[in-house]
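Written out below as structure tokens is the structure these notes cover.
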Amino acid sequence: MIISISGFAGQMAFSQEENHGLVKWLTFKEAQEEMKKQQKPLLIDIYTDWCGWCKHMMKTTYSDPNIASYINTYFYPVQFNAETHDTIEYNGEKYVNKSKEKKSPHDLAIKFLGQSLSYPSTIFVSNNYQFNLLSQGYLEVKKIEPLLVFTVEGAFRTSSYDDFSKHFNHTFTDTVFVKKKPKIYSFNEALALQKKKPKKIAVSIYTDFCNTCKVMNQTTFTDTTLASYLNKKYYLVEFNAQQDKSEIDFKGAKYANNGAGGFPFHALALALTRNNFVLPSIIFLDENLETLDVVSFYQTPEWTNKIAHYFGENEYKKLKWDEYLKKITPSVSK
């Protein structure tokens, strides 16, 4: 089991029902009303009464205490019978089932699935309905975990699911994945070295509970090409905003992890992210400790390598980011 809620999920008590598992399912109306109060992603389980794999997924995946607790905490979960004859309002539009036949698909099911009416199907919806990820077929625990994390922690903003799931599996299940560990420094060590031999600093801000942080630390920063380049051009700091208790003197101000102002992490993490604390984040600092950029959310090794070179080679002084991407992207001859 990869995902959990601070070790608490496995201790939760539920009354299991065969058709509902341990997930606290909502109707579309209930879920959308809750979204107006607090934004969370939707998880939509699309099933039919006759679908055996739908029932099996409810008995297994949705009856797993850790998975159910994660979904109940971070999603608004909806069970949707694809052959219901109820009128459903979704994202401001009303959908019906025009046919009177028992096994006819609902218009909303057709909207979600198109002509591929396969059950079970699961849709993950976020970013004010703009992000929609469809997964068709039975999802065991190991298959649904990266989908949940990808949606909840916003990795969809910066990566395709195929890329993310590959690195997720390298992190948590692939024991033979080849990687190169770069030189890692504490923040105070990097500042001390900076005085003797100035280099740029890359600060990876993470916490123990952030799954996309773990993926980046285990696969992005250990990518052979990127690790070698970081060792050459940067002091790489892995900064645990949750556990780091050191006092840090940064540019004449002292920062600590003491809960000041109600912020439950190291105060420097908030300052470095310009008061927009997002996990994970990479902060790029120049030789004078001036912030070059704050790169938030999960980043693939390939993309991080491009960003590191953009600043490491001082290309940012000559080219805008879009111009730099055009420069390094080979043109395709017609």
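For beta carbons closer than 8 Å, sequence separation of 6+ or different chains, a first residue in the stretch 13-36 that is under 15 Å from F75 (Cβ atoms) and buried (at least 18 other Cβ atoms within 10 Å of the Cβ) and a second that is among the aromatic types (F, W, Y) and modelled with pLDDT under 95, the qualifying pairs are L22/F14. Looking only at the stretch 110-146, residues that are within 23 Å of D163 (Cβ to Cβ) and not small (G, A, S) come to 19 in all. Within the stretch 230-275, the residues that satisfy the criterion of being farther than 18 Å from A202 by Cα and in a helix (DSSP H, G or I) are A260, G261, G262. Considering only residues in the stretch 164-185 that are among the hydroxyl-bearing types (S, T, Y) and in a helix (DSSP H, G or I), the one that is modelled with the lowest pLDDT turns out to be T171. Of everything in the stretch 80-109 that's among the small types (G, A, S) and over 35 Å from the mean Cα position of the chain (by Cα), which residue is modelled with the lowest pLDDT? In this case the residue turns out to be S99.
Would you pick out the residues in the stretch 65-94 that are over 20 Å from E34 (Cα atoms) and either surrounded by fewer than 18 Cβ atoms within 10 Å (Cβ to Cβ) or touching a strand residue (DSSP E or B) at 6+ places or on another chain (Cβ under 8 Å) (or both)? Talk me through it step by step, then tell me what you get.
At the first step, the residues of the stretch 65-94 found to be over 20 Å from E34 (Cα atoms) are 65-67, 81-86.
The answer is P65, N81, A82, T84, H85, D86.
The lone criterion from (1) in a loop (DSSP other than H, G, I, E, B); (2) under 15 Å from T27 (Cβ atoms) left unmet by N97 is number (2).
Could you please find all residues in the stretch 60-74 being over 13 Å from W25 (Cβ atoms) and among the polar types (S, T, N, Q)? If the condition is that a residue be over 13 Å from W25 (Cβ atoms) and among the polar types (S, T, N, Q), then T60, T61, N66, S69, T73 are the ones that fit.
The values are calculated or read from the model by the stated rules, or taken from the named source; none is laboratory data. Keep in mind that what you see is a predicted model, and the values were worked out from it rather than measured. Neighbour counts run over all protein chains shown; Cβ positions are idealised from the backbone, glycine included.
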